[in-house]
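The values are calculated or read from the model by the stated rules, or taken from the named source; none is laboratory data. Just so it is clear, the structure is predicted and the values come from calculations on it, not from any experiment. Here the Cβ positions follow ideal geometry from the backbone for every residue, glycine too, while neighbour counts run over all protein chains shown.
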Amino acid sequence: MVEITPDRDIRCNHLFLRLRWHTEGRGTRDEAQVAQEDLFQGVLAADRMVTYPFRLTLPYEPWSYAGHYINIIWEVVAELDIPMGLNSHCCQLFIMAPPDSVIYR
């Protein structure tokens, strides 16, 4: 769920939600956008919290990985496309793992 509480009225072309992954570490950076949804278009009112639920289908790979030479990082990004202004965005990292795996923290 995406929650937004603007401190002023904001006209936005789009509120995009993107599912993507990228590599970090040695070698050339690799990245891919797996999915994108347009959650909202219009005016967000000042001091009024709005929520936008979403559902994304995850692909089978690549899985998250943390190694000596390379890491595979998954994230969900919410971005406000603001006309004639700086876009605002927020991202949340997560671990993408096979469904039968056990992750210890």
Legend entry - Residue that is farthest from the chain's Cα centre (by Cα) [pool: residues in the stretch 9-40 that are acidic (D, E) and assigned to a strand (DSSP E or B)]: E24
Legend entry - Subset of the stretch 60-85 (residues that are within 18 Å of the chain's Cα centre (by Cα), in a loop (DSSP other than H, G, I, E, B) and within 15 Å of F16 (Cβ to Cβ)): I82
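When you look at D100, is it assigned to a loop (DSSP other than H, G, I, E, B), at pLDDT below 95 and touching an Asp or Glu at 6+ places or on another chain (Cβ under 9 Å), yes or no? Explain how you work it out, then say what you get.
Details: assigned to a loop (DSSP other than H, G, I, E, B): yes; at pLDDT below 95: yes; touching an Asp or Glu at 6+ places or on another chain (Cβ under 9 Å): no.
It is false that D100 is assigned to a loop (DSSP other than H, G, I, E, B), at pLDDT below 95 and touching an Asp or Glu at 6+ places or on another chain (Cβ under 9 Å).
Scan the stretch 46-93 for residues that are within 16 Å of P6 (Cβ to Cβ) and surrounded by fewer than 13 Cβ atoms within 10 Å (Cβ to Cβ) and jot them down.
Here is the first cut: in the stretch 46-93, the ones within 16 Å of P6 (Cβ to Cβ) are 46-52, 78-83, 85-90.
Residues satisfying the conditions are A46, D47, R48, M49, T51, P83, G85, L86, H89, C90.
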